[in-house]
Amino acid sequence: MIRSLFVLIVTCLAAKMFSQKVDSLSIYSESMNKEIKTLVVHPSKNRNKNLPTVYILHGYSGYPKRTLMQDIPALGKLSEEMQMIFVLPDGDYNSWYIDSPNLKYETFIVKELTGYIQKNYKSDQSRTTLMGWSICGHGALYIGARHQETFTAIGSLCGVIDFVPFGKEYDVPKLLGENPEKWVSYTAVSQIDKFKNTRQKILISCGTSDPLLVQNRKFHDQLILMSIPYIYEERPGDHDAAYWSKAAVNQIFQLYQFFADYD
């Protein structure tokens, strides 16, 4: 009886969360001629004002439902408490969020996805963040640097700063060909000069046991040398959801404060 009651309570709570807070969409991408599955997490109580919006890109082999259930399970609660919209697009397993000859995920994120959200939700265009972990930490930095008029803030968690050393292991040749010299301009680190004089809030976090820690520390040092303002965080952890689920919540709290003071 107790077990049945527990299952009933959990089922009701889950149903309440997903029926009131999460929209499951298929957003058409004209640039790729296909539908992109996307989840939109938004407050169930509409206070009739435009809300800060965080676009969250998933890592290699991920997908939106996993982001919500496993990678950052606090999103539903945070959306309600902080009055934020979270947008979770499908990155097609291994797109690296770039415009390659066959895939146009940078175009989709910057133009088609943001355009759809701004048209169909109460999204504040002046308070918009691009966030992600691992290969989508790369995506957040790469796209964010190139489209500062679209994204007010950037959050990178355990981000790939330079994928050239291990790109062959993670399907980069399928996107950009076999020559690593042609990959360099698609890396996050190649865009660092674009951050000069930026007004963006840049948040970077990496675990002290993460194999990408060296890359993140080097990027951290480069930002210092260039006098680019940002917040850098290291804390105990590896390259896994146990780390970025907590680090993401911390960044979202920082974004909440930043947007409260932003003009």
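The values are calculated or read from the model by the stated rules, or taken from the named source; none is laboratory data. Every value quoted in this text rests on a predicted model; they were computed, and no experiment measured them. Because the Cβ atoms are built from the backbone with ideal geometry, glycine has one as well, and the counts that use them run over all protein chains shown. The protein model used for the area step is the full one, side chains on, heavy atoms only, and it has no ligands, DNA or RNA in it. Shrake-Rupley method; radii C 1.70, N 1.55, O 1.52, S 1.80 Å.
Using a 1.4 Å probe, what is the accessible area per residue for the chain, in Å²? Intermediate results must be reported in sequence, preceding the final value.
Working: 12610 Å² over 263 residues.
Accessible area per residue: 48 Å².
The phi torsions of the stretch 95-102, fed into the Karplus equation with coefficients 6.51, -1.76 and 1.60 and a -60° offset, translate into couplings of 6, 6, 6, 10, 8, 9, x, 10 Hz, rounded to whole numbers, with Gly and Pro shown as x. For the stretch 36-137, the share of DSSP beta bridges that are antiparallel, to the nearest 5, is 35%. Distance between the C-alpha centres of the stretch 229-248 and the stretch 112-128: 27 Å, rounded to the whole angstrom. Which of ASP221, ASP99, ASP124 ends up with the largest GNM mean-square fluctuation for the chain, with Cα atoms connected below 10 Å? So, out of ASP221, ASP99, ASP124, the one fluctuating most is ASP221. When the chain is treated as a Gaussian network with alpha carbon springs shorter than 10 Å, the biggest mean-square fluctuation among HIS58, HIS147, HIS42 belongs to HIS147. Take the chain, connect every pair of alpha-carbon atoms lying under 10 Å apart with a spring to form a Gaussian network, then pick out the residue of LEU75, LEU57, LEU225 with the largest mean-square fluctuation. So, out of LEU75, LEU57, LEU225, the one fluctuating most is LEU225. Per the Debye formula on identical point scatterers at the alpha carbon atoms of the stretch 79-174, with no solvent, log10 I(q)/I(0) at q = 0.16, 0.19, 0.20 Å⁻¹ is -0.68, -0.94, -1.02. Taking the longest Cα principal axis of the chain as reference, the axis of helix 135-146 is set at about 70 degrees.
Exposed loop sites are taken as GluC sites (Glu not before Pro) in a DSSP loop (any state but H, G, I, E or B) with at most 13 other beta carbon atoms within 10 Å; the longest stretch of the chain without one runs 31-148. Counted over the chain, the DSSP beta bridges are approximately 35% antiparallel. Remark: for residue pairs LYS111/LYS218; LYS174/LYS201; LYS111/LYS194; LYS104/LYS168, the C-alpha separation exceeds 26 Å in LYS111/LYS218; LYS174/LYS201. Taking a ≥ b ≥ c as the square roots of the eigenvalues of the Cα gyration tensor, an a/c ratio below 1.5 marks the chain as rounded. The H on the amide N of TYR60, modeled in the peptide plane, is under 5 Å from the matching H of ILE135, CYS136, each at least 5 residues off or on a different chain. Sorting the Cα pairs of the stretch 33-145 by distance into bins of 5 Å, from 0 upward, gives 2, 12, 24, 25, 20, 11, 4, 1, 0 percent per bin. Between beta-carbons, use under 12 Å as the cut-off and find the net charge around ILE154, counting Lys and Arg +1, Asp and Glu -1. Every neighbour counted, the sum reads +4.
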